[in-house]
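A short write-up of the structure that comes next.
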Amino acid sequence: MTRRERTVDVLVVGAGPAGLGAAAGLAASGVRRVEVLERDRDPGGIPRHCHHDGFGTRRTTGGLTGPAYARRCAAAAEAAGATLRTGITATGWAGPRTLDTTGPDGLERITARAVVLATGARERPRSARLVPGTRPAGVYTTGELQQAVHLHHQHIGTRAVIVGDEPVSLAAAETLRTAGVRVVARITGLPPEPCAALRPRDRAPLLTRTTVTALTGRPRLTGVAVRHEDGRTTTLPCDTVVFTGDWIPDHELARRGGVVLDPGTRGPAHDAAYRTGANGVFAVGSLLHGGESAETATAEGRAVTAPVLRHLTTGAWPAGRPALAVTEPLQWVAPNLVGPDGEPLPGRLTLRTGRRLTAPLLVVRQDGAVLHRGRLPRTLRPGSSFRLPAGWLVRADRQGGTVQITVG
């Protein structure tokens, strides 16, 4: 079948909050041909099936529901002049900024002056967590659960176990209650939080220092076998289990294009201007660091406007940027390349830790020189991001070695 070949100014892949934010910002800034590709039937990304409120605000209550927020983002992009095309899948690269696509109208080959990747992230499913046992019905991630409940109105079950204690686990609990499912327990391998009993997050008990060892039942789930770190074991009777958090960037298209991935985030390595290692290819949103809020993704999409405009005007692209890296217990940092200009939005780096840290002293070094030393006056939880002021980036040697962030 012959491919129809076209050109655009900017091609955005992914119509979640980040991609729509980028499209709205670029089209509103005068870029004539901004096109957004979305493989799903509707634009909006994950918020489309998050029916709780709190979107569009920093508060956890109030604001918009997820579907309303998704519609608002899509409407803003279209009102600015961007073209939204749904049901279109980018299948590969035919050149540095040329993508092959497939959709209801056939095959296309689209060449752009700049490409913005906004393909998002997904939760690690049971299979990728290597949980042994049977393969019964009743096993979900939070995203799969929300789609089953809110988009497809499917029957879920009666008793559920939630695996994970990241903030998204509470969204899973709320969705289960909406579906009439009793949450019998939440499970985390992490130690208990101090004073957790004084601020209950839901009515289900939280089993800490506990891991899932197997799923039982066929064809329907009948139980989740767990083990405490002291060796105690038990099986929790249930017909539903939801694996939450543990985000994986949806980086397959980036990888196929030869875009270098960061070993920490597993998303594209990028600098503060969202430039990846591939000339003319930008990346924004959860593709860079999964598990952030929709508002953060939208803000990053908007923030890529100025760097893309500069690239369209000058064609300039930096090379040889030193990496930003972390050591344990820190897990990753974003951005993770030191670019020639600018600080990350909003003047801070985003990091995540693998274990709880109280008022940690963070030290930044490059080639033996200390660029920053400072203590964060707060407690850092695994699974939640924290920020580090980035004013010291101006002192980094753009021709130097890796910039290393450690806990002192």
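The values are calculated or read from the model by the stated rules, or taken from the named source; none is laboratory data. As the structure is a prediction and not an experimental result, all values here were calculated from the model. Cβ placement follows ideal geometry from the backbone for every residue including glycine, while neighbour counts extend to all protein chains displayed. Calculation scope for accessible area: heavy atoms of the full protein, side chains included, ligands and nucleic acids excluded. Shrake-Rupley method; radii C 1.70, N 1.55, O 1.52, S 1.80 Å.
(1) open to solvent by less than 50 Å² (accessible area, probe 1.4 Å); (2) at pLDDT 95 or above; (3) part of a loop (DSSP other than H, G, I, E, B): which one isn't true of GLY25, the others all being true?
The number of the failed condition is (3).
Under 16 Å from THR296 (Cα atoms), open to solvent by less than 40 Å² (accessible area, probe 1.4 Å) and either in contact (Cβ under 8 Å) with a residue 24 or more places away in the chain or more than 19 Å from the chain's Cα centre (by Cα) (or both): is that true of ALA15 in this structure?
In short, yes.
Read through the list (1) over 30 Å from HIS153 (Cα atoms); (2) surrounded by fewer than 18 Cβ atoms within 10 Å (Cβ to Cβ); (3) not β-branched (Val, Ile, Thr), then give the number of the only condition that ARG220 fails.
(1)
Out of ALA306, ALA390, report the one residue that is among the small types (Gly, Ala, Ser) and either modelled with pLDDT of 95 or more or under 18 Å from ASN279 (Cα atoms) (or both). Reasoning before the result, please.
Details: ALA390 fails: either modelled with pLDDT of 95 or more or under 18 Å from ASN279 (Cα atoms) (or both).
Exactly one of ALA306, ALA390 is among the small types (Gly, Ala, Ser) and either modelled with pLDDT of 95 or more or under 18 Å from ASN279 (Cα atoms) (or both), namely ALA306.
Take the conditions exposed (fewer than 14 other Cβ atoms within 10 Å of the Cβ) and over 19 Å from GLY290 (Cβ atoms) and apply them to GLY368. Does it pass?
Here the answer is yes, as GLY368 does meet what is asked.
Condition first: assigned to a loop (DSSP other than H, G, I, E, B), open to solvent by less than 10 Å² (accessible area, probe 1.4 Å) and not charged (D, E, K, R). Now tell me which residues in region 270-283 satisfy that.
HIS270, ALA273, THR276, GLY280
For region 300-336, what are the residues that are among the aliphatic types (A, V, I, L, M) and either closer than 17 Å to LEU351 by Cα or open to solvent by 40 Å² or more (accessible area, probe 1.4 Å) (or both)?
Step one: of region 300-336, the residues among the aliphatic types (A, V, I, L, M) are 303-304, 306, 308-309, 312, 316, 319, 323-326, 330, 333-334.
Hits for region 300-336 are ALA306, LEU309, ALA316, ALA319, ALA323, LEU324, ALA325, VAL326, LEU330, VAL333, ALA334.
Could you list, in sequence order, all residues of region 230-266 that are charged (D, E, K, R) and part of a loop (DSSP other than H, G, I, E, B)? Give the derivation first.
Initially, region 230-266 is screened for residues charged (D, E, K, R), giving 230, 232, 239, 246, 250, 252, 255-256, 262, 266.
Of everything in region 230-266, those that are charged (D, E, K, R) and part of a loop (DSSP other than H, G, I, E, B) turn out to be ASP230, ARG232, ASP239, ASP246, ASP250, ASP262, ARG266.
Among the residues of region 28-64, what is the count of those that are part of a loop (DSSP other than H, G, I, E, B) and modelled with pLDDT of 90 or more? Before you say what the answer is, go through the steps one by one.
First, pick out the residues of region 28-64 that are part of a loop (DSSP other than H, G, I, E, B): 29-33, 39-45, 50-54, 56-63.
Of the ones still in play, those that are also modelled with pLDDT of 90 or more are 29-33, 39-45.
The qualifying residues number 12.
Of all residues being assigned to a strand (DSSP E or B), under 15 Å from ALA278 (Cβ atoms) and of a type in the set (S, T, N, Q) in region 88-125, which is least open to solvent (accessible area, probe 1.4 Å)? Just the residue, please.
So in region 88-125, the residues assigned to a strand (DSSP E or B) come out as 89-95, 98-103, 106-117, 121-123.
Subsequent filtering for residues that are under 15 Å from ALA278 (Cβ atoms) retains 90, 92-95, 98-99, 111-117.
If we keep only those that are of a type in the set (S, T, N, Q) as well, we get 98, 111.
On the way: THR98: 21, THR111: 54 Å².
Top of the filtered list is THR98.
Taking strands (runs of 3 or more DSSP E) that do not extend beyond region 320-408, which have at least 3 residues that are within 30 Å of VAL168 (Cα to Cα), of a type outside the set (D, E, K, R) and touching a Cys at 6+ places or on another chain (Cβ under 8 Å)? First the steps, then the outcome.
Numbers: elements: 324-326, 330-334, 348-353, 361-366, 369-375, 385-389, 403-407.
Passing ranges: none, list empty.
Can you pull out the residues in region 24-49 that are closer than 21 Å to THR101 by Cβ and β-branched (Val, Ile, Thr)?
Filtering region 24-49 down to residues closer than 21 Å to THR101 by Cβ leaves 26-27, 31-45.
Passing the criteria: VAL31, VAL34, VAL36.
Quick check on GLY66: is it at positive phi and touching a residue at least 24 places away in the same chain (Cβ under 8 Å)?
Numbers: at positive phi: no; touching a residue at least 24 places away in the same chain (Cβ under 8 Å): yes.
It is false that GLY66 is at positive phi and touching a residue at least 24 places away in the same chain (Cβ under 8 Å).
One line per residue, one yes/no per condition, for (1) more than 24 Å from THR265 (Cα to Cα); (2) over 19 Å from the mean Cα position of the chain (by Cα); (3) modelled with pLDDT of 95 or more; (4) among the hydrophobic types (A, V, I, L, M, F, W, C):
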{"site": "ARG85", "(1), (2), (3), (4)": "yes, yes, yes, no"}
{"site": "TRP93", "(1), (2), (3), (4)": "no, yes, yes, yes"}
{"site": "ARG109", "(1), (2), (3), (4)": "yes, yes, yes, no"}
{"site": "VAL116", "(1), (2), (3), (4)": "no, no, yes, yes"}
{"site": "ARG135", "(1), (2), (3), (4)": "yes, yes, no, no"}
{"site": "GLY138", "(1), (2), (3), (4)": "yes, yes, yes, no"}
{"site": "GLY180", "(1), (2), (3), (4)": "yes, yes, yes, no"}
